[in-house]
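Participant: Input: one structure, supplied below.
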Amino acid sequence: MPITPTYLESLHRAMAAAGIERRIGTPVALRAYFQLTADHGLLLGVLAEAAPLAGRGFSSPPLRVYAQGAERDGYLTALVEFAGGQTAVLTAEACRTEEPQLLILLIGNQGALQYQDTPGRVALAGGDPVWRAAIRESLESGRPAMVKHAA
Amino acid sequence: MPRDRPWGVLLAAGANTHQESYGPGFAADPRCRVAGVTDEPGVDARRAALNRRLAEEMKVPLLPDFDDALRRPDVDLVSICAEHERQARIAVRCARAGKHLYMDKPLAGSLAGADSIVDAVRMNGLRGQMFSQINLPYAQRAKRMVESGQLGKIRAIHCDLMFAKGWPGTAALGQPRKESYPPAQFLVPDAKRELFNIAVYSVALIRWLMRREVLSVRAVTANYFFQEHQRRGMEDFGLMALTLEDGVTATITAGRIGWMSHFGSGPNLTRLYGDKGSVLIDAFRPRAEVASGMLDWKRPPRDPEDPMGFWRGTQVRAGITPRPEWLTLETPVRSDQSLFIDCLESGQEPEVSVFDGAKAVEVLFAAYRSAATGEVVSLPLPR
């Protein structure tokens, strides 16, 4: 039985299908803000789902992650480096009065794409366990963490 | 008490610097009179010619003898826009001559240089301001949001500031940039260290909004767009993650990403996250979006003296106007130059003083150290 893709997975597939590279060149950096859930317990999962999708978009394996924030207070940010030199800054915040929304700024070496959406209630996958572990390690140590054997 | 004469402004260094904006900014303030353009003795022929060019364009005297210019009783302040390596040397001489300082950003090209400017201003009882973006509508909006209390206690702030200039697509991609520390050169005619050049606005904004010091920095630098930057060993893009006093966190993305990458001057987003609410401030909203067959916008031709389009004068000479597709209707209430004159007249400390500028330089140097080592760097940095 096919697994229904999550909102972020669907968005990733749609962008890939839209031929992004023909418009902005080779993707090199990503800045994304996610307010997709009111549950602060799911924020780390949002980052752990978005980070490997970014890596797939960059066609590059991960290198390391540096994370900041406080889950209980509803905000986390991950600064992610990929082996090919690409970078991403991903911020997940708990929705409060706002409806779920996201803003993506994808930078290519010849242009940029900005995408904003208010998708309503979305399904979240919980993220890649290796990424979850690396983000958690960085949050707890206050230092960058290597991302090992990520999907 | 009203002054019996205008504030006399001396311009140190001329064309192909931000003096092309600051000089006319002072000249447009009716409280000021620009005395002329000067510079240190011994500048190279290119710089000398560029200084002469700005003096001619502004129709003010070229004052080739730096010390004579500083002795003039009709000069009260100096606007200093030299290469970063020269900023501190010039600023200290001006302060010793009793002149207030209006400084280009970043303040200086070294920690020692930045410290010496702060010391010279304090010891001589002067005022010093570093150029920033705090007078721009987006920054004023952020300030109002913070001060209103609507967002509660601010927990995190994120600044994304990129400049849509230059001819991209020529950098060799495929591997991480190897950063070196300390950075030694910041500006050449065809490249700038863009983290230094652009993130300084965000560092100054974050400190101004939060009134807290930066305690640690993690940063990454990159070469994504321009072979010119790569060839010079200068980054064209960078990321920073900051920890401030009281547990506040912040991120900065900054870079020069190429003509045509934005309908405005480049992405400029400020995200404030507080314990009662959050807001995203886009410097290009509110805006009207225009689509019309009457509109036409082309990249400026490459100017051999300024191939990246760094300077305002290059665009003016090429007849380049802002892109027409977006209309943002807000304008700064006052120029940054007029804010400095306000401070001189009121006796108040500038909101982004040379002290704040020195703090920003320290944060940026910590960022380069982090990018070079891969580690989180704590402040203050050792001297």
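The values are calculated or read from the model by the stated rules, or taken from the named source; none is laboratory data. Note that this is a predicted model, so its numbers are computed, not measured. Cβ coordinates were reconstructed from backbone atoms using ideal geometry, including for glycine residues, and neighbour counts include every protein chain displayed. When the accessible area is computed, the model is the full protein with side chains, heavy atoms only, and any ligands, DNA or RNA have been set aside. Shrake-Rupley method; radii C 1.70, N 1.55, O 1.52, S 1.80 Å.
Participant: Could you check the range A:60-73 and list, in sequence order, the residues that are buried (at least 23 other Cβ atoms within 10 Å of the Cβ) and more than 7 Å from every other protein chain (Cβ to nearest Cβ)?
Facilitator: A:Pro62, A:Val65, A:Ala67, listed by residue number.
Participant: From B:Arg46, B:Arg72, which residue is of a type in the set (Lys, Arg) and within 25 Å of B:Asp336 (Cα to Cα)?
Facilitator: Criteria check complete, one pass: B:Arg72.
Participant: Would you check if there is a residue in the range A:109-121 being open to solvent by 30 Å² or more (accessible area, probe 1.4 Å) and touching a Lys or Arg at 6+ places or on another chain (Cβ under 9 Å)?
Facilitator: yes
Participant: Then there is this: Starting from the range B:24-51, take each residue that is assigned by TED's automatic domain parsing to the domain that holds B:Leu77 and list its partners that are acidic (Asp, Glu) and assigned to a helix (DSSP H, G or I), counting only C-beta distances under 8 angstrom and pairs at least six apart or across chains.
Facilitator: B:Gly25/B:Asp336; B:Arg31/B:Glu345
Participant: Taking the condition in contact with a strand residue (DSSP E or B) (Cβ under 8 Å, 6 or more places away or on another chain) and either outside any loop (DSSP other than H, G, I, E, B) or open to solvent by 10 Å² or more (accessible area, probe 1.4 Å) (or both), does B:Leu50 pass? Give the steps one after another, and end with the answer.
Facilitator: Details: in contact with a strand residue (DSSP E or B) (Cβ under 8 Å, 6 or more places away or on another chain): no; either outside any loop (DSSP other than H, G, I, E, B) or open to solvent by 10 Å² or more (accessible area, probe 1.4 Å) (or both): yes.
Judged against the criteria, B:Leu50 is not a match.
Participant: Restricting to the range A:136-151, what's the tally of residues that are more than 15 Å from A:Ala54 (Cα to Cα) and either without any contact (Cβ under 8 Å) to a residue 24 or more places away in the chain or of a type in the set (A, V, I, L, M, F, W, C) (or both)? Walk me through it before giving the result.
Facilitator: So the first thing to find is which residues in the range A:136-151 are more than 15 Å from A:Ala54 (Cα to Cα), and the list is A:136-146, A:148-149.
If we keep only those that are either without any contact (Cβ under 8 Å) to a residue 24 or more places away in the chain or of a type in the set (A, V, I, L, M, F, W, C) (or both) as well, we get A:137, A:139-142, A:145-146, A:148-149.
Qualifying residue count for the region: 9.
Participant: Tell me whether the range B:327-339 contains one or more residues that are in a helix (DSSP H, G or I), in contact with an Asp or Glu (Cβ under 7 Å, 6 or more places away or on another chain) and either under 16 Å from B:Gln129 (Cα atoms) or free of Cβ contacts under 8 Å to residues at least 24 places away in the same chain (or both).
Facilitator: Checked against the condition, which is being in a helix (DSSP H, G or I), in contact with an Asp or Glu (Cβ under 7 Å, 6 or more places away or on another chain) and either under 16 Å from B:Gln129 (Cα atoms) or free of Cβ contacts under 8 Å to residues at least 24 places away in the same chain (or both), the range B:327-339 yields at least one hit.
Participant: Same structure again: Looking at the range B:226-242, I want the residues that are part of a helix (DSSP H, G or I) and have a partner that is open to solvent by 30 Å² or more (accessible area, probe 1.4 Å) and among the small types (Gly, Ala, Ser) with Cβ atoms under 9 Å, at least 6 apart or on another chain. Which pairs are those?
Facilitator: B:Gln227/B:Ala172; B:Gln230/B:Ala172
Here's the yes/no breakdown for (1) over 30 Å from B:Thr243 (Cβ atoms); (2) hydroxyl-bearing (Ser, Thr, Tyr); (3) in a helix (DSSP H, G or I); (4) modelled with pLDDT of 95 or more:
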position	(1), (2), (3), (4)
B:Glu349	no, no, no, yes
B:Val361	no, no, yes, yes
B:Phe365	no, no, yes, yes
B:Ser370	no, yes, yes, yes
B:Glu375	no, no, no, yes
B:Leu381	no, no, no, yes
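Participant: Please pick out the residue among B:Arg299, B:Arg256, B:Arg287, B:Arg271 that is within 27 Å of B:Ala360 (Cβ to Cβ) and either among the small types (Gly, Ala, Ser) or more than 19 Å from the chain's Cα centre (by Cα) (or both).
Facilitator: Values: B:Arg299 fails: within 27 Å of B:Ala360 (Cβ to Cβ); B:Arg256 fails: either among the small types (Gly, Ala, Ser) or more than 19 Å from the chain's Cα centre (by Cα) (or both); B:Arg287 fails: within 27 Å of B:Ala360 (Cβ to Cβ).
So the residue among B:Arg299, B:Arg256, B:Arg287, B:Arg271 that is within 27 Å of B:Ala360 (Cβ to Cβ) and either among the small types (Gly, Ala, Ser) or more than 19 Å from the chain's Cα centre (by Cα) (or both) is B:Arg271.
Participant: Which ones in the range A:77-107 are in a strand (DSSP E or B) and within 8 Å of another protein chain (Cβ to nearest Cβ)?
Facilitator: A:Thr77, A:Leu79, A:Glu81, A:Thr87, A:Val89, A:Thr91, A:Glu93, A:Leu103, A:Leu105, A:Ile107
For every residue, the table says whether it meets (1) assigned to a strand (DSSP E or B); (2) open to solvent by 20 Å² or more (accessible area, probe 1.4 Å); (3) over 17 Å from A:Leu105 (Cβ atoms); (4) more than 13 Å from chain A (Cβ to nearest Cβ).
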| site | (1), (2), (3), (4) |
| --- | --- |
| B:Ile198 | no, no, no, yes |
| B:Ile252 | yes, no, no, no |
| B:Gly255 | yes, no, no, no |
| B:Ser261 | no, no, no, no |
| B:Lys276 | no, yes, yes, no |
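Participant: Filter the range B:146-165 for residues that are surrounded by fewer than 23 Cβ atoms within 10 Å (Cβ to Cβ) and facing chain A (nearest Cβ under 10 Å); which is farthest from B:Gly266 (Cα to Cα)?
Facilitator: If we take residues in the range B:146-165 being surrounded by fewer than 23 Cβ atoms within 10 Å (Cβ to Cβ) and facing chain A (nearest Cβ under 10 Å), then B:Lys153 is farthest from B:Gly266 (Cα to Cα).
Participant: Could you count how many residues in the range A:108-132 are part of a strand (DSSP E or B) and more than 9 Å from chain B (Cβ to nearest Cβ)?
Facilitator: Residues flagged as part of a strand (DSSP E or B) and more than 9 Å from chain B (Cβ to nearest Cβ) within the range A:108-132 amount to 4.
Participant: Here's another thing I want to ask about it. May I ask you to list the residues in the range B:231-250 that are more than 8 Å from chain A (Cβ to nearest Cβ), open to solvent by 10 Å² or more (accessible area, probe 1.4 Å) and closer than 21 Å to B:Thr373 by Cβ?
Facilitator: Listed by number, the list holds a single entry, B:Gly233.
Participant: Of B:Pro168, B:Pro183, which residue is within 14 Å of chain A (Cβ to nearest Cβ), of a type outside the set (D, E, K, R), surrounded by 15 or more Cβ atoms within 10 Å (Cβ to Cβ) and touching a residue at least 40 places away in the same chain (Cβ under 8 Å)?
Facilitator: Within the list B:Pro168, B:Pro183, the selection yields B:Pro168.
Participant: Moving on to the next point. Kindly evaluate B:Val203 against the criterion of being in contact with a helix residue (DSSP H, G or I) (Cβ under 7 Å, 6 or more places away or on another chain) and not in a helix (DSSP H, G or I).
Facilitator: Criteria not met by B:Val203.
Participant: Let me ask you something else. With respect to B:Asp190, determine if the residue is closer than 24 Å to B:Ile157 by Cα, in contact with a helix residue (DSSP H, G or I) (Cβ under 8 Å, 6 or more places away or on another chain) and outside the structural domain of B:Arg46 (by TED's automatic domain parsing).
Facilitator: no
Participant: For the range A:133-151, enumerate the residues that are open to solvent by 20 Å² or more (accessible area, probe 1.4 Å) and away from chain B (no Cβ under 14 Å).
Facilitator: A:Ala133, A:Arg136, A:Lys148, A:His149, A:Ala150, A:Ala151
Participant: Can you tell me which residue within the range A:37-49, out of those that are open to solvent by less than 10 Å² (accessible area, probe 1.4 Å) and away from every other protein chain (no Cβ under 14 Å), is nearest to A:Gln86 (Cα to Cα)? So that I can check it myself, show each step before the final result.
Facilitator: Within the range A:37-49, the first condition is being open to solvent by less than 10 Å² (accessible area, probe 1.4 Å), and the residues that meet it are A:43-48.
Retained after the next criterion (residues that are away from every other protein chain (no Cβ under 14 Å)): A:44-46, A:48.
Values: A:Leu44: 21, A:Gly45: 21, A:Val46: 20, A:Ala48: 17 Å.
The residue in question is A:Ala48.
Participant: Moving on to the next point. How many residues are among the aliphatic types (A, V, I, L, M), over 15 Å from the mean Cα position of the chain (by Cα) and in a helix (DSSP H, G or I) if we restrict to the range B:134-166?
Facilitator: Counting residues in the range B:134-166 that are among the aliphatic types (A, V, I, L, M), over 15 Å from the mean Cα position of the chain (by Cα) and in a helix (DSSP H, G or I) gives 3.
Participant: Say we look at the range B:305-343 and pick out the residues that are over 21 Å from B:Glu194 (Cβ atoms) and among the β-branched types (Val, Ile, Thr); which of these is most open to solvent (accessible area, probe 1.4 Å)?
Facilitator: Out of the qualifying residues, it is B:Val333.
Participant: Suppose we keep only residues that are within 14 Å of another protein chain (Cβ to nearest Cβ) and of a type in the set (Ser, Thr, Tyr) within the range B:350-383. Which one would you say is surrounded by the fewest Cβ atoms within 10 Å (Cβ to Cβ)?
Facilitator: B:Thr373
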